[in-house]
Structures are given as C-alpha cells and as structure tokens.
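Asker: Got a structure for you, questions after.
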Amino acid sequence: MDGGVAAVPEWTELGQEGGLDPLGMQRPIEVIYQALIPGISTITLRLRYYSFFCWMLEAYASKIGNTDPQEFRIFHRRCELLYALIAARGPYETGVTGIEWAQKQVAKIQGAGDPNVEIAFADGAHPDTSGDRYLKNKAGAFGAIYSTQMQDIGLVLLGTTENPVPVCTERGLALAKAFAEILGDASETILDAVASGKVSMATLDALGRLKPGALNPEGAECRLLIQLLLGLSPDGSGADLRRRDTMKMLLQLTASRGAKPRADDAKWTWLEAEAEPGNEGRVQSLWTLYQLSDLLRLAYEYIMDAGLKLLAIEPSRHLSLGALVTQLVQSASLPNDLSWSQFCMDGSAEKPVRQLYAGMVQAKADGNLGDQVSSAFALIAKLVRRATDLQTLIDDVLPAADYFQSLRSELKFLAAHSQASAEAVGTLIIRDRVIKRHLWVASRKFRNQRAYTYLMEPADGLLRYRDDITLSPSSPRLDQALNFLSDAKLIDERGLTAFGQRELAPS
C-alpha cells in the first residue's frame, strides 16, 4: 500500500456483546490511521520490547532451534515473565506484561534479606498452568501483542508451515545483536534462568539495565530503534516513510508546545493547520481525513444517543420508527426553507470544527437533547464543507463499496440530496443513515457472529430501547507513538530533549 492506504473495510468488533461500533463506521477510520503508524498498536506499550523480543528470537534460533510451537511458547512466555520480574525491581515500570504478577512475587521475598533467594516462575509462565499465570492469553505478550506489529515494522518473519517459529529479519538481527552487546555475559545468565524457571533477587538487580525505561540514548540499540521509529532505515518502504512523517510531526508539535502533547492535541492541531506541500503534507492531510471521518461518525452516534434517550424516557420504552424520527427532526430545528446545500453554507457553520464538536459534547453533558441533535447537524454541515478540499484524497483512500458507511459514502449521499430541504435531508440521515443503519449492522452481527448488539431493537412493529451507546473518539495510536518517543529519550514532559532536537534538526 505504498501509494495510499486504501483497503476494503471489515466489521469492527464483530462478535462482542457491547454494541461497539453500532453504525459500522469504525473500520474505514482504522484503515487510515493504521497505515500512518505501522508497527505500533494501541497495546504495544513499551518500545524496548522490540529489542528484547528480537534478542529472544535469535537466542532461541541459535541456542535451541526446536520448531515445536509448544516448546517455543513455553520458552518465550518464560522470557516475558523474567523480563517482568526484572522490571518489578526498583521504580515502577508501566506497560510491562505480567508486572503485577512479578511485583507480588518480588514482594514475598524481598524482605528476606538474602539476595540469593530465588523466585520460581515456571508455573506462572506456563500456558496451561491451572494456577495463577501472568497472562491468560496463551500466546503471551509476543504472540498476542507484539509479533504482528514487529512484522509490520520489518523486524520479524512470522511462522510458516515448514518452520512455525518466528525468526528475525536482517533488521531484527541487527537489533538483537545490539541488545546482546548490552547483555554481554549476562545472556547466558538469562537463558539459564529461563531454562530452570528460577531467578534470584541478585540476578534481577544485576539485570536492571534491561528495564524498559533504562534505554541508553547514546547506545547502538537506541539508535536502531530511533531509525525504525523515524523511518531512517536505508531499505525503508512507503510504510516507513508514512511513520517517519507522523513521528516528525509529533516531534515538531512537541517542540512548538514545549511539553509532551496528548493525542487530542495532535489531532486538533493537524486538522486546523494548513498542510505543507510534499509527502509530509500528504500525511498531514491523511490525519485531517482521519479526524473528519471520526468526527462524522461521532456526530451520527450522538444523534443515535439522543434517539436512545427519547426511547428510554417513554413509559413503555417503545416508539414507532416514524414517531422517533419525527421527534429527533423536531429537536434538530432544521430549516425547511433552506436546501441542504444552503444549510451547509449557512453562517452558523462558520464556527470552527472544534467549537461545534465541543458544543455537541456539552449539550449531551447538560442533558439538552435538542441542542445535542442540532449541534450534531451543525457539525455535519461543517464537516461537509471542510471535506470539499479533500475530495480527491477521499476518493483515493476510501474507494470501498458504498455499503461500508464512511465519510466518502456520506458525502456522496448528501451530494445526491443537496437540493432537498435541510429538514428533509435531516430526516433521511436520522432514519436511514443512523437508525436503519444500526438495525442493519446489528442484524449482520447477529446472523454472522451470533452476537446480539442491538441498542434499540424491533419489537411488534415498534422500536424498543435496549441499551445506551458508548460515545468516544477513536484511539489512533498517537499516545503509544508519543510514549515510544519518550522511551527513545527524544521527548519528555518538558518537550524535546537534546536528542530529540538533534533528530529534528535539518540534515
């Protein structure tokens, strides 16, 4: 996908019972941001795992070489839990798989005063133990969390029929070597502990330099990790370049703010800024497209939330579809004497997108359903106007079939009805693009996955309230990217570090 980020969306959260993604609009949004930060996910929490797992794979290949997946699983789960035990000594480390299990074991014996007292961790690491294991998912942190992202970032090749055990790529081997150099003779110490399933407190203390927060910014390991994050590898792909531009934008934002930003800071800043020419400008435009898409989803879901509230306050918790649509349209106060096109150009739409979104959120917090729905429509109108300049990019990035509801499908739908009155278009959005859409998505999930995710359900020709909707912006991995930049010592809470300034300086 070097030339773009297009892909046919799949259903998000199929099979879950909580009614997640009730309008089926999340997947096209995910397609955008997943292509902008490949190699990082919402659950890859510490950068140094990439080094540690590369070393682990190479150690397994060179020292053990058993291609039995079960043997490898036992090995890598012991490695993971040993790493958690290392992290459990001293200051608390966030984002370490098994850290709570490890802290409990360390607390049991650290008062003994004998540094040679050992912690037995084989049972806690075993995927089939009936006792208290550090992670219920048998695939472990490597298999369940990091392996696919390490594949995306070019560090590992996942298992094949001939060899089901993952192995390092050339990139991964270089990182494994850098980690091994830090270990020195301690490599054998770790492998011995993994083999025995026991480790002493003295050994854990001696390995403290391996903790996720102890990465040396001057070392070869950190240099290689920075190359990965910033897409500086000489064999870089289009995915590397998109990640590079996103990371550079995060460094620039950190420099301008003089503090570590939040994901929301980045999303709103990039939406409101003028895109620069060139590839970096395209990446910024893609982040703008992401934010517009997510805001449109939220506007639709806030309308649905208002509909659910109206159903919930009915004594019987039932309404006909027509009655519910009528109440929502009336609460929106959409004009009947302006076309949808004119409504989108109306003066109220001159407010910034962020202000319109904040008004919609505040109206919900205040319990004002009328303002909530009218604010949602004002936001939709503004998004339509804002998306006009990105139409070529939208067609390029979101070419999926129209039954996948996305910014592209909704712009096409609204353009087809642009001359109808704003009230008539609002009726169509509420009835067809929100309520009927939810019923269709829920029916697909029930038929295909046996998951009952209706938030309002049809009953005897009426709609019945069933559950509330969860409203929240999507999480596009920016927080994790910022944490990786922190782990690499490029940024901290005060902004760019000296190392970050060096990376951001023109070459």
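The values are calculated or read from the model by the stated rules, or taken from the named source; none is laboratory data. The structure presented is a predicted model; accordingly, all values stated were derived computationally and were not measured. A quick note on method: Cβ atoms are made from the backbone with ideal geometry, for glycine too, and the neighbour counts reach across all protein chains shown.
Asker: Name the one entry in 455, 496 that is touching a residue at least 60 places away in the same chain (Cβ under 8 Å) and not assigned by TED's automatic domain parsing to the domain that holds residue 340.
Answerer: Numbers: 455 fails: not assigned by TED's automatic domain parsing to the domain that holds residue 340.
Of the residues listed, the single one that is touching a residue at least 60 places away in the same chain (Cβ under 8 Å) and not assigned by TED's automatic domain parsing to the domain that holds residue 340 is 496.
Asker: While we're here: When the residues of the stretch 61-98 are filtered to those that are among the hydroxyl-bearing types (Ser, Thr, Tyr) and farther than 17 Å from residue 210 by Cβ, which remaining residue is nearest to the chain's Cα centre (by Cα)?
Answerer: Within the stretch 61-98, the subset among the hydroxyl-bearing types (Ser, Thr, Tyr) is 62, 67, 83, 92, 94, 97.
Now drop any that are not farther than 17 Å from residue 210 by Cβ, which leaves 62, 67.
Working: 62: 34, 67: 32 Å.
By that ranking, first place goes to 67.
Asker: Looking at the structure I just gave you, is residue 132 closer than 20 Å to residue 63 by Cα, at pLDDT below 95 and acidic (Asp, Glu)? Outline the logic, then answer.
Answerer: On the way: closer than 20 Å to residue 63 by Cα: no; at pLDDT below 95: yes; acidic (Asp, Glu): yes.
For residue 132, the condition - closer than 20 Å to residue 63 by Cα, at pLDDT below 95 and acidic (Asp, Glu) - is not met.
Asker: A further question on this structure: Show the residue pairs that are 6+ apart or on different chains and have beta-carbon atoms under 8 Å apart, the first residue being within the stretch 352-372 and in contact (Cβ under 8 Å) with a residue 60 or more places away in the chain, the second being loosely packed, with under 15 Cβ neighbours inside 10 Å.
Answerer: Listed by first residue and then by second, the contacts come to 352/272; 353/272; 354/272; 364/471.
Asker: Out of (1) in a loop (DSSP other than H, G, I, E, B); (2) modelled with pLDDT under 90, the odd one out for residue 110 is which?
Answerer: All conditions pass for residue 110, except number (1).
Asker: Moving on. Taking the criterion of being crowded, with 18+ Cβ neighbours inside 10 Å, over 25 Å from the mean Cα position of the chain (by Cα) and assigned to a helix (DSSP H, G or I), would at least one residue in the stretch 464-473 satisfy it? Please lay out each step first, then the result.
Answerer: Step one: list which residues in the stretch 464-473 are crowded, with 18+ Cβ neighbours inside 10 Å, which gives 465-466, 469.
Subset that is over 25 Å from the mean Cα position of the chain (by Cα): 465-466.
If we keep only those that are assigned to a helix (DSSP H, G or I) as well, we get none.
Among the residues of the stretch 464-473, not one is crowded, with 18+ Cβ neighbours inside 10 Å, over 25 Å from the mean Cα position of the chain (by Cα) and assigned to a helix (DSSP H, G or I), which makes the answer no.
Condition check ((1) outside the structural domain of residue 54 (by TED's automatic domain parsing); (2) in contact (Cβ under 8 Å) with a residue 24 or more places away in the chain; (3) under 19 Å from the mean Cα position of the chain (by Cα)) across all residues:
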| residue | (1), (2), (3) |
| --- | --- |
| 209 | no, yes, no |
| 221 | yes, yes, no |
| 239 | yes, yes, yes |
| 244 | yes, no, yes |
| 261 | yes, yes, yes |
| 272 | yes, yes, no |
| 298 | yes, yes, yes |
| 305 | yes, yes, no |
| 313 | yes, no, no |
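Asker: Evaluate the following for residue 253: is it in contact (Cβ under 8 Å) with a residue 40 or more places away in the chain and among the aliphatic types (A, V, I, L, M)? It would help to see each step written out before you state the result.
Answerer: On the way: in contact (Cβ under 8 Å) with a residue 40 or more places away in the chain: no; among the aliphatic types (A, V, I, L, M): yes.
Considered against the rule, which asks whether it is in contact (Cβ under 8 Å) with a residue 40 or more places away in the chain and among the aliphatic types (A, V, I, L, M), residue 253 comes out as no.
Asker: Determine which member of the set 506, 476 is assigned to a loop (DSSP other than H, G, I, E, B), over 13 Å from residue 23 (Cα atoms), over 23 Å from the mean Cα position of the chain (by Cα) and not assigned by TED's automatic domain parsing to the domain that holds residue 383. Reasoning before the result, please.
Answerer: Values: 476 fails: over 23 Å from the mean Cα position of the chain (by Cα).
Matching residue, one of 506, 476: 506.
Asker: Working carefully through the options 255, 220, find the one that is over 30 Å from residue 103 (Cβ atoms), touching a strand residue (DSSP E or B) at 6+ places or on another chain (Cβ under 9 Å) and among the hydrophobic types (A, V, I, L, M, F, W, C). Lay out the reasoning, then the answer.
Answerer: Numbers: 220 fails: touching a strand residue (DSSP E or B) at 6+ places or on another chain (Cβ under 9 Å).
Going through 255, 220 in turn, the sole match is 255.
Asker: Is the stretch 352-359 home to any residue that is of a type in the set (A, V, I, L, M), part of a helix (DSSP H, G or I) and crowded, with 17+ Cβ neighbours inside 10 Å? Show your work before the answer.
Answerer: Initial filter on the stretch 352-359 (of a type in the set (A, V, I, L, M)): 353, 356, 358.
Next cut, part of a helix (DSSP H, G or I) only: 353, 356, 358.
Subsequent filtering for residues that are crowded, with 17+ Cβ neighbours inside 10 Å retains 353, 356.
Checked the stretch 352-359: at least one residue is of a type in the set (A, V, I, L, M), part of a helix (DSSP H, G or I) and crowded, with 17+ Cβ neighbours inside 10 Å.
Asker: Right, another one. Report, by residue number, each residue of the stretch 324-367 that is of a type in the set (Ser, Thr, Tyr) and either in contact with a helix residue (DSSP H, G or I) (Cβ under 6 Å, 6 or more places away or on another chain) or more than 18 Å from residue 310 (Cα to Cα) (or both). Before the answer, list the steps.
Answerer: Initially, the stretch 324-367 is screened for residues of a type in the set (Ser, Thr, Tyr), giving 326, 331, 333, 339, 341, 348, 357.
The answer is 331, 333, 339, 341, 348, 357.
Asker: Still on this structure: Which of the residues belonging to the stretch 483-495 are outside any helix (DSSP H, G or I) and buried (at least 23 other Cβ atoms within 10 Å of the Cβ)? Step through it out loud before you land on a result.
Answerer: Initial filter on the stretch 483-495 (outside any helix (DSSP H, G or I)): 488-495.
Across the stretch 483-495, the qualifying residues are 488, 490, 491.
Asker: In the stretch 38-66, how many residues are of a type in the set (A, V, I, L, M), in a helix (DSSP H, G or I) and surrounded by fewer than 23 Cβ atoms within 10 Å (Cβ to Cβ)? Give the derivation first.
Answerer: If we filter the stretch 38-66 for residues that are of a type in the set (A, V, I, L, M), which is where we start, we get 40, 43, 45, 47, 56-57, 59, 61, 64.
This time we only want the ones that are in a helix (DSSP H, G or I), so: 56-57, 59, 61.
The next check asks that each one be surrounded by fewer than 23 Cβ atoms within 10 Å (Cβ to Cβ); those that pass are 59, 61.
Matching residues across the stretch 38-66 total 2.
Asker: Moving on to the next point. Please determine, by comparing only the residues of the stretch 228-260 that are farther than 18 Å from residue 41 by Cα and polar (S, T, N, Q), which one is modelled with the lowest pLDDT.
Answerer: It comes out as 233.
Asker: Any chance you could count how many residues in the stretch 85-105 are more than 21 Å from residue 195 (Cβ to Cβ) and β-branched (Val, Ile, Thr)?
Answerer: Total meeting the criteria: 3.
Asker: A follow-up question, please. Between 69, 115, which is surrounded by fewer than 18 Cβ atoms within 10 Å (Cβ to Cβ), in contact (Cβ under 8 Å) with a residue 12 or more places away in the chain and over 30 Å from residue 160 (Cα atoms)?
Answerer: On the way: 69 fails: over 30 Å from residue 160 (Cα atoms).
Exactly one of 69, 115 is surrounded by fewer than 18 Cβ atoms within 10 Å (Cβ to Cβ), in contact (Cβ under 8 Å) with a residue 12 or more places away in the chain and over 30 Å from residue 160 (Cα atoms), namely 115.
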